[in-house]
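Quick notes on the structure that follows.
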Ligand SMILES: [Zn+2]
Ligand SMILES: [Zn+2]
């Protein structure tokens, strides 16, 4: 189990460093690859153009069978699906996770979620959510109402 | 002159169309460099094989290894060359151990193909039997955790679902056949008993009854005849 974890994360790190998709840079992969920080850059021509954000990935030993815990840290983008505590309302991070997804494809999904925003605003239930939410977004029961954004 | 202006106007519009990609160049450079290296590899291989066979033979193994890192026979879960490869009906390739773990996981989509979300049934997986791959595979250490014998039982059961645990355990057809024959014949044997055995019993009972009735009838006639003969003798 853990051998897949190490091999796959090593491979993903190597691929991301050798062949980074546009706007995605791995900063660090620490603690035996269990905690990564990845910088994503807002795409040109979108509301987030020129801004950079840092995503934190935390993997447990069941990765890739279990989703990583992904949150924005430091500078959290203002977006209708991103809570001010950094939690991201994106189905593939929770019950729609698939082991065929990679760190790279998750970052690209988050970037495309940013790109499709038409308005910079927090989710309507942000204040409520950040009061009740646990530290890990994976302990939240997410309801995905809107697949378009 | 106006025509020239028009063409001059056209040029800048093409230029502006080209402008958006230019800021992306710094990051796409690395992409291009890597892909160029990959593109060059087969070229070098081709040149080597046409000119110097010795260098080609030394160069090709390392290049094929490099190709393995990004080629089409990677498992979609561990991203390595699939070991104990298995293919879903939707055509996606996995290591059997990897897919098995996914299907056993608590994920709400554990019964879906990780790549395309198509429904995945264990009985409809197709194992791929390549030649010599498995013995070479360094990940064999992981494989024994998952008995490979479980894999073949899935494939032939396309014909008969439900019995797949009995059909080909480990691909041993004789035992499988023995059991299927057993299962196959029992119902028909019962059927035989019911259709033939029971009427036969009823028939014999009828015959016995008929014989008994006939015997009783005959004995009564004999009795009557005897009595009549006795009366006739007594009277005459
Ligand atoms: Zn695999
Ligand atoms: Zn599929």
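Roughly how many Å is it from the Cα centre of the range B:211-236 to that of the range A:47-84, as a whole number? Centre-to-centre distance over Cα atoms comes out at 112 Å.
For chain A, the relative contact order comes to 20 percent (Cα pairs under 8 Å, sequence separation of at least 6). Residues A:46, A:118, ranked from the fewest to the most other C-beta atoms within 10 Å, line up as A:118, A:46.
Evaluated at q = 0.12, 0.14, 0.17 Å⁻¹, the base-10 log of the normalised Debye intensity for chain A, with identical point scatterers placed on the Cα atoms, takes the values -0.48, -0.65, -0.98. The value given for the range A:1-81 is a Kirkwood hydrodynamic radius of 13.6 Å, derived from the mean inverse Cα-Cα separation. Between the Cα long axis of helix A:103-115 and the first principal axis of chain A there is an angle of about 10°, rounded to the nearest 10. Mean-square fluctuations from a GNM of chain A, with a 10 angstrom spring cutoff on Cα atoms, peak among A:28, A:52, A:132 at A:132.
Using C-alpha pairs below 8 Å separated by at least 6 residues, the relative contact order for the range B:74-127 is 35 percent.
The calculated 222 nm mean residue ellipticity attributable to helices in chain A amounts to -8000 deg cm²/dmol, summing -39500 (n - 2.57) over DSSP H runs of n ≥ 4 and dividing by all residues. Taking the empirical scaling 2.2 N^0.38 Å for compact globular proteins as reference, the range B:74-127 has a Cα radius of gyration ratio of 0.97.
None of the figures in this text is laboratory data; all of them are computed from the coordinates on show. On a predicted model such as this, the values are computed, not experimentally measured, just so you know. For neighbour counting, all protein chains shown are included, and Cβ atoms are generated from backbone atoms with ideal geometry for every residue, glycine included.
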